[in-house]
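Report on the following structure.
The values are calculated or read from the model by the stated rules, or taken from the named source; none is laboratory data. Keep in mind that this is a model prediction, so the values were computed, not measured. Glycine also receives a Cβ, built like all others from the backbone with ideal geometry; neighbour counts cover every protein chain displayed.
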Amino acid sequence: MARRIALVAGSGRLPLIFAEEARSDGSYVVGIAISGLTDEKLASHVDAIYWGDITQPGKALEIFRKEKVNFIVMTGKIPKAVIFNRKFNLDEHARDVLSGTVDSRDYTIIKAIALRLRREGISVMDPTTYLRKLLAVKGLIASREPTREEWGDIRFGAYAAKKTSGLDIGQAVMVRKKMIIAVEAHEGTDEMIRRAKAIDSEGATVVKVSRPHQDMRFDIPTIGPETIDSLIEAKAKVLAIEARKTIIVDKDEVIRKADAAGIAVVAI
């Protein structure tokens with residue numbers, strides 16, 4: 001039976017790329033677009049599209065039943081505040097999911113949602129089923145090789161980022177001379193980089209990794225040209241990501257921007 005996929009689409013091009021790849025494989029794709037966030041171009045990349053509010057999952061469940069969805073996937077950037085800010089007018093389904101969680105960590109809530117969907121006969125899909133070609137391959141991505149000192153910061157940063165990601169704090173850190181300048185938290189990697197600019201991030205290294213025992217269905221580390229723009233703005237000089245666990249969107253543009261700015265980009 002052909003897959004019927006509900007694509008919960010955040011911002012950026014990744015949902016469009018996923019939809020194209022999935023449909024070319026014969027899947028039927030239903031776009032669940034978030035008002036004010038999802039690219040309107042998604043409508044031309046899916047078989048059906050519904051616009052709505054992510055805090056009202058009851059409406060989404062009605063759509064899933066109507067469209068006979070058997071898989072759901074989440075791609076694109078969805079600011080955590082959109083999902084986890086308790087001041088939103090949550091419907092009864094959202095309140096039911098949240099009432100059964102022991103904390104507000106990302107994984108706790110996302111896994112509770114996955115369990116609720118399973119009761120509807122819907123499986124959460126690993127987006128790399130159709131995005132595998134976007135996963136980083138170990139080695140240099142941009143042209144410049146990190147210096148010896150920068151490699152030291154990469155190794156230190158990778159160790160620190162694995163610790164923070166394991167605590168569900170964030171997937172990225174900024175380092176200079178083995179000193180932590182900033183740690184990603186609620187705001188996301190790009191905003192962490194901009195925040196660090198005020199502290200003095202010139203020449204710094206950003207390291208972004210997956211969680212220990214990363215569940216590839218959820219919150220896969222992702223970079224794109226906007227990440228390089230943030231590094232340029234902060235005058236940072238290195239970006240290290242985790243090979244096979246990080247998605248690169250618009251890789252050619254990432255390389256072009258990094259090379260023009262002399263930024264080393266490497267997958268470790």
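Of everything in region 165-187 that is under 21 Å from Asp215 (Cβ atoms) and in a loop (DSSP other than H, G, I, E, B), the residue that is farthest from the chain's Cα centre (by Cα) is Leu167.
Selection of region 28-46 for residues being buried (at least 16 other Cβ atoms within 10 Å of the Cβ) and in contact with a helix residue (DSSP H, G or I) (Cβ under 8 Å, 6 or more places away or on another chain) yields Val29, Val30, Gly31, Ile32, Ala33, Ile34, Leu37, Thr38, Asp39, Leu42, His45, Val46.
Of the residues Arg116, Arg4, only one is over 27 Å from Gly224 (Cβ atoms), at pLDDT 95 or above and crowded, with 16+ Cβ neighbours inside 10 Å; which? Full working, then the answer.
Numbers: Arg116 fails: at pLDDT 95 or above.
Result of the check over Arg116, Arg4: Arg4.
Considering region 37-66, the residues that are part of a loop (DSSP other than H, G, I, E, B) and under 18 Å from the mean Cα position of the chain (by Cα) include one that is farthest from Ile248 (Cα to Cα), namely Ile54.
Taking every residue in region 11-28 that is within 15 Å of Arg132 (Cα to Cα) and not assigned by TED's automatic domain parsing to the domain that holds Ile223 and pairing it with any residue that is of a type in the set (S, T, N, Q) and in a strand (DSSP E or B), at least 6 positions away or on another chain, the pairs with Cβ-Cβ distances below 6 Å are Leu14/Thr75; Pro15/Thr75; Phe18/Thr75.
In contact (Cβ under 8 Å) with a residue 24 or more places away in the chain and touching a helix residue (DSSP H, G or I) at 6+ places or on another chain (Cβ under 7 Å): which single residue out of Asp168, Asp153, Asp126 fits that description? Step through it out loud before you land on a result.
On the way: Asp153 fails: touching a helix residue (DSSP H, G or I) at 6+ places or on another chain (Cβ under 7 Å); Asp126 fails: touching a helix residue (DSSP H, G or I) at 6+ places or on another chain (Cβ under 7 Å).
Matching residue, one of Asp168, Asp153, Asp126: Asp168.
Do we have Ile193 as under 21 Å from Ala260 (Cα atoms) and at pLDDT 90 or above here? Taking the combined requirement at face value, the residue satisfies it. Can you report the number of residues in region 183-205 which are of a type in the set (A, V, I, L, M) and in contact (Cβ under 8 Å) with a residue 24 or more places away in the chain? Result for region 183-205: 3. Give region 212-238 a look and list any residue that's in a helix (DSSP H, G or I), among the acidic types (Asp, Glu) and within 19 Å of Ala185 (Cα to Cα), or say none. Correct list: Glu226 only.
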